[in-house]
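Values quoted throughout were computed directly from the atomic coordinates according to the rules given, and no laboratory measurement underlies them. This is a predicted model, so every value here is computed, not measured. Please note: Cβ atoms are built from the backbone with ideal geometry, for glycine as well, and neighbour counts cover all protein chains shown.
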Amino acid sequence: MRAYNLLLRFYPKSFRYEYGGEMRAVFARRLRDATGPFSAMALWLGAIPEVLGNAGLVHLDLLDQDLRYTLRMLRRAPGFAVTAVLIVALGIGATTAAFSVADFVLIRPLPFPGPERLVRVWERTSDYSRFELSPANFRDWKAASTVFERIGMYHLVSANMLGANEPMRVDGAAVSADLFPTLGVQPLIGRIFVDEDDRSEAGGTAILSYRLWQTRFGGDPGVIGQQLSLDGTAHTIIGVMPREFRFPTPDTQLWRALRFAEEAYVDRNDNWMYAVGRLRDGVSLDQARAEMELIAARFARQYPKENGKVSATVVRFDDDVPQQSRLLLIALCGAAACVLLIACANLANLLLARALGRRRELAVRTAMGAGRERMIRQLMTESLLLAGIGGALGVAVAVMAVPLLNRLVPATLPTASAPAVDIRVLVFALGLTAITGIAFGLAPVLRIGGEADLGGLRESSRAGGGQKERLRSALVVAEIIASVVLLVSAGLLMRALLTIQARDPGFRPEGVLTLQTPLPIPKYGKLATREAFYSRVLDDVRALPGVIDAGFISYLPLGRMRGGIWPVALDGREVNRADNQNAFLRYVTPGYFATLGIAIRQGRALADSDARDRQFVAVVSESFVKRYWPDVDPNTVVGRHFTFAFAERVVVGVAGDVRMRGLERQAEPQVYLSYKQVDDDSIIGYIPRSFAVRSTTPPEALAPSIRAIIARVDPSLPVSEVATLTDVVDRDTASRSVQLRVLGAFAVIAFVLAGIGIHGLLSFAVSQRAQEIGVRIALGAKPSDILSMVAGRSVVLAVSGQVPGIALAYAAGRSMEALLAGVKPADATTLAAAVTLVLVMMFLGSLFPTLRALRVDPLTAIRTE
Amino acid sequence: MLPVATYHILLALAAEDLHGYAIIQEVAMRTDGELTLSAGTLYRSIQRMLEQGYIVETRDRPAPEDDDERRRYYRITPLGIATAREEARRLAQLVRMARAKGLAPGKA
């Protein structure tokens, strides 16, 4: 019989209490009536599934009953129901949206097999912790290393593709034959590169991305073996990669074999390769790093001049997310968690107030035999139902919000598509909803469930005081703390964004249109060809109405290519990378400085007369002068010599600093060279291909005419990345503004929720103490006494929330200091603004309850009892 | 449509008030042992029938000789009788329809 008692435990307690004895009696009679050991055993065997099945059904019955009861109750209090559901929806929606982006960028493994063994290998110098490799170093290091199963390299290369339709600019990568096997990917159709493709005498080969295959080749499997022209050279299509394969960036459309002539291995300081390795089984990251450092040290001794200060580093492949993106996302998740916390506290408070208001009802039900277990069950059903509806709505909110957060995904993430609400995120949201429902449901359950059952009947409903009030106040204080943290964080980030946006980029972006005209090699390898192109385009564009000036440059500042630094040698010495003297290399056409509005501080800008047969000249930036001639009288800089880009140059002018790498970076030394002073087919990566036009008319409107002019000069030339310079600058802070907007929205939500929380708490307190207030007024209390009684509460709450709130906000500010662009975590303006806002919130939240308390009519208040 | 167990319990209680085990015995007897209600099915049904008002618990002890303090007796209510009658009519209707198609013995 003890075994049967245990089985009965599967039933809900209330049912067991009611019918357990009966069921035991029935079972006992059955056992007694059973004849022989076999029928007794059969009875036992039958009892187990019978009890389990029926117990489950009884649970469902109860659930059904509780749900119907809950729905009835909620229909009677629609205001409460809607408020609760909306609060949950906001909390869950914010957290789910933040999670789906953070999961996508930070947690989810990259879409390659065995992603945990994929690493990147970089050169490391005193200036750069991660520096591209030179082909020679890569080749030597690879030959010497033992920790990799495979290691491959690649570099980004765009090309003009000529096919059936108009010319098109495609972003691609040149990859060594072992790169795809390192990543562990297989082609969708055709084959991947083999070692033969890498030999310089082999015919050109190319592999298409799924997208390019679909959009330009109609998804035709017969594309294998076809020819296409890349920068005027024929390539054979040998394969198509699967749809999900996006490497190294999501925009990559095409892969070419990476091939070097023997000369490419000569210069060890020509750093432009990216390396990806797959560690051998059982090799740890630290072991790999240690071995690579040893190898690098060996080659540093062997080539002291070039490699003297070059070490190596190995980092996890998925660690490649920029620190800033990581911080932005973590801050976002923290903010979302704050919102959820506030939502939960608010709901717990709402439910508590409701439960206290329902004490009579609950007590009556208990007196009628409902039992504590049924009570708790019913309350939990109610909170879980509210959480469930709110959670579903929250997921809908997240689905709508996630596309807005796309900007927070670093553009370099080698993965297909964009973050979306998928199964992982749904499971997360479901778990969150359950936790939320239980968390805020628990408060009233603990309060009501723990109470003597008949208390609610005996006492008047007014007595809500003591412990419950303290719990509710604590919840409101938690809300205030969280909203202070959010307000301060949002404020700090806003200050940071404003600081960054207020920075002078070094040029005037308004009224400038930019675009790319990727002059292909070998067609434009000769200077004469380029000169003809530039002069025809520039003449025609300058003749357009409204155009002030126009110019070409190798790479525009804040554009996609933010590198391009070359070693500098002063005073006739030989160029030596070990000296760590570098500057940005940019070739420009005359007119570039005027077009971008870059100031010439000394001497002159570059001119058409700076031709190949004349003295090689340079315009250097102020930061160049400050770094390399710090003690020289600024007026004597013009006329000084230095060696740069394979030739000795004389300074003819000093230009204002430009923030080449972005508004958040310091200006580094820059050197501008005349586009004419370079050998044919030399330094082809730096041929001026970016075009900028300044006009008095709206610059966007110029695009069609400029396209037409370029098409007239060279119909095979694609024009791409047409954008105003203002947009380019804005894009530099886009992920920040998105994050700030999200965080700002979170802070507003938190602000409103906390305000509602305070309002709820005080209104409830006032209505509960209406009688007391009435008595006080009757006894002659002045309005000011009542005022201080109610408002005093609110002040105590505000102070006890503000103080820890500010401390926590300071800690939060410290942890994201890297994002603050020099704004101090204890920024006084921000703190003062946040404190003021919270005080305003307290004032608004307590306004109506206070007014109500003042308007209490002593006679009515006393009579209600 | 009434669940089978509910219908049989109503029939068992139609003549007299019974306790749980007696209901099981009565149903088993009437169906020649074809339907033996388990304790779980019985009391789950009873709980629902109490809620729906088909039956009530009674304090009268009609069979004192095998009375037991714990035993609860159940009595059918007028609503229970009406419900059982309605269900019988529905079933008769079904049988009539089957007869009309020659799928059941007897005349249409």
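Label point of A:Ala818 set 7 angstrom out along Cα-Cβ; within the range A:483-526, no amide nitrogen lies under 15 Å from it. The 3J(HN,Hα) values that the Karplus relation (6.51, -1.76, 1.60; θ = phi - 60°) gives for the range A:395-400 are, in residue order, 4, 4, 4, 5, 4, 6 Hz. Gly and Pro appear as x. Mean residue ellipticity, 222 nm, helices only, chain A: the sum of -39500 (n - 2.57) across DSSP H runs of n ≥ 4, divided by residue count and rounded to 500, is -17000 deg cm²/dmol. Helix A:135-144 versus the longest principal axis of chain A: what is the Cα-based angle in degrees, 0 to 90, to the nearest 10? The answer is roughly 60 degrees. Once the Cβ-Cβ distance of A:Ser284 and A:Leu844 is raised to the sixth power relative to R0 = 51 Å, the FRET efficiency obtained is 0.35.
Dimensions of the protein assembly as shown along the principal axes, based on C-alpha atoms and rounded to the nearest Å, stand at 129, 88, 58, largest first.
Each label point was placed 7 Å from the Cα along the Cα-to-Cβ direction; for A:Thr499 and A:Glu648 their separation is 4.5 nm.
Taking each residue as 0.36 nm, the span from A:Asp681 to A:Ala569 lengthens on full extension beyond its C-alpha to C-alpha distance by 38.0 nm.
Label zone (A:Arg470, point 7 Å along Cα-to-C-beta; backbone nitrogen cut-off 20 Å) within the range A:760-795: A:761-762, A:765-766, A:769, A:793-795.
To two decimal places, what compactness ratio does the range A:740-865 give when its Cα radius of gyration is scaled by 2.2 N^0.38 Å? Write down the numbers at each step before the final one.
Working: Rg = 19.0 Å, N = 126, 2.2 N^0.38 = 13.8 Å.
The range A:740-865 yields a ratio of 1.38.
Kindly state, to the nearest 0.05, the FRET efficiency for B:Glu51 paired with A:Arg855, given R0 = 60 Å and r defined as their beta-carbon distance. The formula returns an efficiency of 0.85 here.
Pairs of alpha-carbon atoms within less than 8 angstrom and 6+ residues apart define the contacts here; what relative contact order does the range A:717-865 have, in percent? Present the calculation step by step, with values, prior to reporting the outcome.
On the way: 80 pairs, mean separation 67.3, N = 149.
Relative contact order here is 45 percent.
This ranking places A:Lys626, A:Lys782, A:Lys523 by how few other beta-carbon atoms lie within 10 Å of each, fewest first, which gives A:Lys782, A:Lys626, A:Lys523. When the protein assembly as shown is described by a simple charge dipole with +1 on each Lys and Arg Cβ and -1 on each Asp and Glu Cβ, the residue from A:Phe10, A:Ser100, A:Ala754 located farthest towards its positive end is A:Phe10. Restricting attention to the protein assembly as shown, the count of lysine pairs at 8 or more positions apart or across chains with alpha carbons under 24 Å apart stands at 5. Counting charges near A:Ile207 (Lys, Arg +1; Asp, Glu -1) among other residues having Cβ under 11 Å from its Cβ returns a value of +1. Remark on A:Val617: its backbone amide H falls under 5 Å from those of A:Val650, A:Ser674, a criterion applied only to residues 5 or more positions apart or on other chains, H modelled at 1.01 Å from N. Please compute the modelled spin-label separation between A:His641 and A:Thr249, points set 7 Å along Cα→Cβ, answer in nm with one decimal. About 4.0 nm separates the two model spin labels. Temperature 10 °C, viscosity 1.306 mPa s: under these conditions the Stokes-Einstein estimate for the range A:2-76, based on its Kirkwood radius over C-alpha pairs, is 113 µm² per second. For the range A:126-309, averaging the sequence separation of C-alpha pairs within contact (under 8 Å, six or more residues apart) and dividing by the residue count gives a relative contact order of 33 percent. Among beta bridges identified by DSSP and lying wholly in the range A:519-717, the antiparallel ones come to about 70 percent.
For the Cα trace of the range A:247-290, dividing Rg by the Kirkwood Rh returns an Rg/Rh value of 1.08. Computed packing ranks the peptides A:402-408, A:235-241 as A:235-241, A:402-408, most packed first, by mean other Cβ atoms within 10 Å. Taking θ as phi - 60° and the Karplus parameters 6.51, -1.76 and 1.60, the scalar couplings of the range A:198-214 work out to 7, 6, 5, 8, 6, x, x, 10, 9, 10, 8, 7, 4, 5, 5, 4, 6 Hz in sequence order, x denoting glycine and proline. Report the FRET efficiency, 1/(1 + (r/R0)^6), for A:Ile548 and A:Ala607, where r is their Cβ-Cβ distance and R0 is 22 Å, rounded to 0.05. After rounding to 0.05, the efficiency reads 0.80. Fully extending the segment from A:Arg32 to A:Ala832 would add 279.9 nm, taking 0.36 nm per residue of separation and subtracting the current Cα-Cα distance. Less than 5 angstrom separates the built amide H of A:Arg601 from those of A:Val654, A:Ala655, A:Gly656, all sequence-distant by 5 or more or on a different chain. Multiplying the residue separation of A:Arg301 and A:Ala532 by 0.36 nm and subtracting their alpha-carbon distance yields 78.4 nm. Tell me, how many Å apart are the Cα centres for the range A:701-735 and for the range A:102-132? With the range A:701-735 and the range A:102-132 each reduced to a Cα centre, they are spaced 33 Å.
Binning the alpha carbon pair distances of the range B:4-77 at 5 angstrom intervals from zero yields the distribution 3, 17, 30, 26, 17, 6, 0, expressed in whole percent. Look at where the Cα atoms of the range A:498-538 and of the range A:196-229 average out, and the two centres are 30 Å apart. Here the contact order of chain A, divided by its residue count and restricted to Cα pairs under 8 Å and six or more residues apart, works out to 15 percent.
Neighbour counting of Cβ atoms within 10 Å sorts the residues A:Leu179, A:Leu110, fewest neighbours leading, into A:Leu110, A:Leu179. Taken one residue at a time, the phi angles of the range A:19-32 give Karplus couplings (6.51, -1.76, 1.60, θ = phi - 60°) of 10, x, x, 4, 5, 4, 4, 4, 5, 5, 4, 4, 4, 5 Hz. Gly and Pro are set to x.
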